[in-house]
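First the structure, in the form of structure tokens, and then the observations on it.
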Amino acid sequence: LDIISAFQFQNVKKSIVNLHNLAPPYLSELLHPYTPSRSLRSSSAVLLSVPSFRLSTMGARAFSCSAPRLWNSLPLHIRQLDSITQFKSQIKTHLFKMAYTL
């Protein structure tokens, strides 16, 4: 993987560990599941809420903003995987396809 995809892989891997309650407390405080205020079709999509940020230069690159954006951009079949080893394999394949499609 190229360097950008490698960073994306690390961020998404930390997200899945957080969703399975295996992350340390300092990471668990940064990511929150998206809970809509009413019943929507997307409520079963395993989404993370993306917080707003003030600084346009550094705010979007913070883990608390970039990880949910990356997680929500993944296909549904990858987000719904329960096994972390299967998830790692699928996410590497997905990121490889995204980085090297012509």
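Structure notes:
- The chain - percent relative contact order, Cα under 8 Å, separation 6 or more: 33
- Prolate/oblate/rounded call for the chain, Cα gyration tensor, a/c under 1.5 rounded: rounded
- Estimated purely from DSSP H runs of n ≥ 4, each contributing -39500 (n - 2.57), the mean residue ellipticity at 222 nm for the chain is -15500 deg cm²/dmol once divided by its residues.
- Summarising the label geometry, the points placed 7 Å from Cα in the beta-carbon direction at PHE63 and ASN21 lie 2.1 nm from one another.
- Proximal aspartates and glutamates relative to LYS97, as straight alpha-carbon distance under 16 Å, when same-chain residues fewer than 8 apart are discounted: ASP2
- Hydrophobic long helices, here whole DSSP H runs in the chain with Kyte-Doolittle means of at least 0.5 and Cα atoms spread over 20 Å or more along the helix axis, are found at 3-19.
- Dipole check for the chain: with +1 at the C-beta of Lys and Arg, -1 at the C-beta of Asp and Glu, and the Cα centre as origin, the magnitude is about 160 Debye.
No value in this document is a laboratory result; all are computed from the given coordinates. Just so it is clear, the model here is predicted, and its values are computed rather than measured. Every residue, glycine as well, gets a Cβ built from its backbone with ideal geometry; the counts of neighbours run over all protein chains shown.
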